[in-house]
1. Once you sort the root eigenvalues of the Cα gyration tensor of segment 83-157 as a ≥ b ≥ c, which label holds: rounded (a/c under 1.5), prolate (a/b larger than b/c) or oblate (the other case)?
2. Which order do peptides 11-20, 269-278 fall in by mean Cβ count within 10 Å, highest first?
3. Out of all DSSP beta bridges with both ends in the chain, state the antiparallel percent to the nearest 5.
4. Applying a 10 Å radius around every beta-carbon, put 548-557, 71-80 in order of their mean neighbour count, most first.
5. With labels modelled as points extended 7 Å from the Cα through the Cβ direction, what inter-label distance (nm, one decimal) is found for residue 414 paired with residue 329?
6. Any chance you could run the full-extension gain for residue 253 through residue 215? It's 0.36 nm times the residue separation minus the Cα-Cα distance, nm to one decimal.
7. Working out 0.36 nm times the residue gap between residue 558 and residue 399, then minus their Cα-Cα distance, what length gain in nm do you get to one decimal?
8. How big is the equivalent ellipsoid of the chain along its three axes, where each semi-axis is √(5λ) from the Cα gyration tensor, reported in whole Å from largest to smallest?
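A short reminder: the numbers here are calculations on the coordinates, not readings from a lab. All of these numbers come straight from a predicted model, not from anything done at the bench. Note that we place each Cβ from the backbone using ideal geometry, even for glycine, and neighbour counts take in every protein chain shown.
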């Protein structure tokens, strides 16, 4: 794991040390830069495999191909011997060293040949061509910005902000979509001119030409295969999960496991305990205030049950309500753009990093197997007569934090005019335009998999863990697991109203029915209770007219009315989310654009 930064073309070499300094948290163990006439590639390193011999960037034998990556290649044990058989000489045990040699073999098809979580930067001095690539699921981030005759790239936005010549300008389209989703959807970023490379895409750069961006892998949710026997499906799923967990145990440093008490993290823990030679380290999060703790007592109980059943080295970490506002600006710094999603990962990662460098999490299971309200609604559409189900994208658009009309009532007249033709509803509709799935549930899962999932879930997991130099691996995001589950019919994912049906059948081989069928809270922070309670003075201060006047983007009277709705009797979760989205944006704006 590391942070990467640099440029292709006629860039400013003096900028790269500052770019790497901005990424120190992603790799505090080492940093190094390789530069030539038309490129500079730098990396900060979090040493996990070949701790003493894997300094990045790395070159091929004659030094003409240079590469760095952020992430882990899980097919490293297969690719390395294949390259050795073809006569390549490898000087280290790191997976990054495979990249320049694999480039010599397959060129631009390199991303198809590697499997894992990665963001890659590579330069070929002989061909004068640069490659950027991002992993299939979107685990590892990669941003780029074109300036004059150079293309700058970095693992996080903060590294681009320090490049001489970069001007911080708010992207109003990104703001509009943020207020709907609670995050900025790729390839947009909150800054004008900066783009995020989408998951499963490569970018090829040649001096004097426009960069060429192309998709190298597509996940299909369509299947012409007959519905598999339930027992066979469980057997196949568990076989793939065991292999996925095994791959994620590869490390020369200690590995820990997130353990919420839900079936996702509990199953990965159980599978790891079966194959680990020493007790697995597990970590769970609890809350100090009694109102919150009582709602999560079942999670805590089952996390402890799993820890005892599988004899783990268990750690229980507690946070206070005051930890949130006091850490708020640090959390925003981790994202570099407004993000009003779940942030509990920040606090648990902070504690885990005191014990381990690598953690395995259960993220991806909800999005693969179907767990959210949007998934339950989609599954219900199958029960309606043809012609009465409506468009699935319309159902999804109704779950936005704010619809387009609600946002426009909050804008100042100038902003309202500038965004008159921008529609998050249309953005949702486009996400459903090229789907492969046929049944309503799989269509919903597929649309969210390519948008909300990498932009929201994977973004918060990466930034909030790497803020503490903790690498998080996800067994449910193994390519073989994902491709298999995507191919299953919706009836095996939500069955007679039961969510994550086939996963629960697999978990039933490890855990009692009482645990599997209970409601799950997981690591979600109780932000609704906090906003309605102890955080009220902070919310009112942040959204005061004086502070809103710093940018003039919103109508302060309309915002004040919304705040009063939150603190009126009967305020709902959606209204709280609207106010929280505004609070996050206001704090972000003052940090980055004032």
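1. On the way: a/c = 2.23, a/b = 1.44, b/c = 1.55.
In terms of gyration-tensor shape, oblate.
2. Final packing ranking: 11-20, 269-278.
3. Working: 55 of 73 bridges.
Antiparallel bridges: around 75 percent, rounded to the nearest 5.
4. 71-80, 548-557
5. Between residue 414 and residue 329, the label points sit 2.7 nm apart.
6. 10.3 nm
7. Details: separation 159, 0.36 × 159 = 57.24 nm, distance 2.17 nm.
Full extension of this stretch gives 55.1 nm more.
8. On the way: eigenvalues 242, 199, 120 Å².
So the three semi-axes of the chain are 35, 32, 24 Å.
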